[in-house]
1. Calculate the dipole size of the range 286-336 relative to its Cα centre from +1 charges on Lys and Arg beta carbons and -1 charges on Asp and Glu beta carbons; express the result in debye to the nearest 20.
2. Can you work out the FRET efficiency for the pair D221 and H161, with r the C-beta to C-beta distance and R0 = 25 Å, to the nearest 0.05?
3. Mind running the shape call on the range 67-213? Use the C-alpha gyration tensor, a ≥ b ≥ c as the square roots of the eigenvalues: rounded below 1.5 for a/c, prolate if a/b tops b/c, oblate otherwise.
4. Can you order the peptides 311-320, 263-272 by their average number of other Cβ atoms within 10 Å per residue, highest first?
5. By the gyration tensor of its Cα atoms, with a ≥ b ≥ c the square roots of the eigenvalues, what is the shape of the range 250-333: rounded for a/c under 1.5, prolate for a/b over b/c, or oblate?
6. In debye, nearest 20: dipole of the chain around its Cα centre with unit charges on the Cβ of K, R (+) and D, E (-)?
7. Counting only residues 5 or more places away or on other chains, whose amide H sits under 5 Å from the amide H of G167 once H atoms are built in the peptide plane?
8. Let me understand the range 69-113 better: what is its radius of gyration from the alpha carbons, and its Dmax, in angstrom?
Amino acid sequence: MNWRSTFALALWLLAPPVAGYDELILEAERKPATPLVIHAALDLPYARPLLEDFHRRHPQYTITFRNFSTLEVHERFLTDPTEADVMISSAMPWQYLLVNDGHAQPVETPTTEAWPTWAKWRQELFAFSFEPIVMVVNQDIRRRYGPVTSHAELLALLREHGQALTGRIVTYDPAASGAGYTYAIEESRLSPRYWDLIAALGRADTQLVDTTGAMLEGLADGRFLIGYNLLGSYAREAIAGDPDLDWVIPDDYALVIQRLAFVPRLAPHPGGARRFIDYLLGTEGQRVLADAGALGAVHPELDGPGTATDMRRRYPDGLRPMPLSPGLLATLDELKRQALLGRWQREFLDQPVGAAP
């Protein structure tokens, strides 16, 4: 087993166990039926509009969609690379790793050829969403201390009122969450004040969890007043009807992740897989993303709410998309991982990363 596989397995073992996976099956409405199997880290409420629209346009496919966590979908692929026709995940380094290791086949259509160069790699790996990493802040914070619209303001709030907020803040555990680790390593490169913020979060007894869902649950029931580094697509939808919570795209800088899709080299039904990728990147699929509003459409011809064009216009200086480049592989280097987690532990008041504060 090479170092990449060893690292992926280590992360898998660190992930919390879950029972099974979510599955959606759309039966073919035209004969002969053709299977199309999609494995993804994309919750069903966000995947369903895309799948149903594609199925309406192409009723000859029986679509089997399975939703896993980011680490589970990666491990499932390593276990059987012949099972899925399409792979989708927001864990950008792991998707890039699979493609770089030769597990993808090219998709060459007019749509993929015209796709923005910053959102694809080698005609094999395609970014189709644009999702900022955000904070969620209870209105009580704004009423008591003023707005929190940036990392700098969050740091100032913690320094001045951290004791009053003890145990009322939540963020990712970078040792137990692939997403949390990815955000940590990217932020440490972006901001010289990142480690000051981690130290301040530690002094405030910030709670560490594994998923955006766990953060949102605690924010919704009032256990937490601030959530740091949530996946914006999920946060926006979850708090839409909650007058006590605001989602904030930090205006000093905000990471942006992109869900990446590829067709495995050993996909059992490559024709349908290429058609789905073409749909996902085309105006039809991207318009579904824009209308749903959560994931953020990348297509340069689309504008308005729910599009990358609109977000870039509203936040011209702050958005920091993670580059789709070989630099993603450095994120998976085991020595760098241990070094980053070691410093994270030291800055977070010498608490063992992953332990309950």
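1. Result for the range 286-336 is approximately 120 debye, rounded to the nearest 20.
2. Approximately 0.70, to the nearest 0.05.
3. Because a/c hits 1.5 or more and a/b exceeds b/c, the range 67-213 counts as prolate.
4. Peptide ranking by packing, descending: 263-272, 311-320.
5. oblate
6. Dipole size: approximately 440 debye.
7. Distant-sequence amide H within range of G167: D205, T206.
8. 11.3, 33
Any read-out appearing in this document is the output of simple, stated calculations on the displayed coordinates, not a laboratory observation. In this text, all values refer to a predicted model and were calculated from it rather than measured experimentally. Neighbour counts are summed over all protein chains in view; Cβ atoms, including those assigned to glycine, are modelled from backbone coordinates with ideal geometry.
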